[in-house]
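Below is one structure. I have some questions about it.
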Amino acid sequence: MPIKSFIESIISISLIIFSLKLGNLFLNDKMEVKIGDFGLATKLEFDGDRKRTICGTPNYIAPEILEGKNGHSYEVDTWSLGVIIYTLLIGKPPFET
């Protein structure tokens, strides 16, 4: 399953992963990408629910998490996916701590 399809399916069950990063992407023997480490994942209770948890890997963490004003939702995983794609294309992360 491509990563984009995986993210869409996670959103469909109201889950925020928080820990999407290159170190949590694995290849199996068929060269399929698998995602691991759901230790920080949280379920949204209702449509429009926003979390205020400050967690994630610094190089992949979305600004909404750090800002903390209005909470955050699925967009934090979209941000992390963008950082992963950037890193794969350019060869280094867009932000380094």
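Tell me, I35, I17 in order of fewest to most beta-carbon neighbours within 10 Å?
Values: I35 17, I17 23.
By the 10 Å Cβ count, ascending: I35, I17.
Let me ask something else. Return the distance in nm (one decimal) between the two label points of a simple spin-label model at L66 and V33, each offset 7 Å from Cα along Cα→Cβ.
Between L66 and V33, the label points sit 2.4 nm apart.
Calculated from DSSP H runs of 4 or more alone, at -39500 (n - 2.57) each and per residue, what is the 222 nm mean residue ellipticity of the chain, nearest 500?
Details: 3 runs with 31 residues, N = 97.
Taking each H run of at least 4 residues, the total per residue is -9500 deg cm²/dmol.
Follow-up. Would you kindly compute the Cα radius of gyration of the chain and its largest Cα-Cα separation (Dmax), both in Å?
That works out to 13.4, 43 Å for Rg and Dmax.
How high is the FRET efficiency between R52 and S9 when r is their beta carbon distance and R₀ equals 30 Å, given to the nearest 0.05?
Numbers: r = 25 Å, r/R0 = 0.83.
After rounding to 0.05, the efficiency reads 0.75.
Rule-based calculations on the coordinates, nothing more; no lab input. No experiment lies behind these values; they were computed from the predicted model shown. For neighbour counting, all protein chains shown are included, and Cβ atoms are generated from backbone atoms with ideal geometry for every residue, glycine included.
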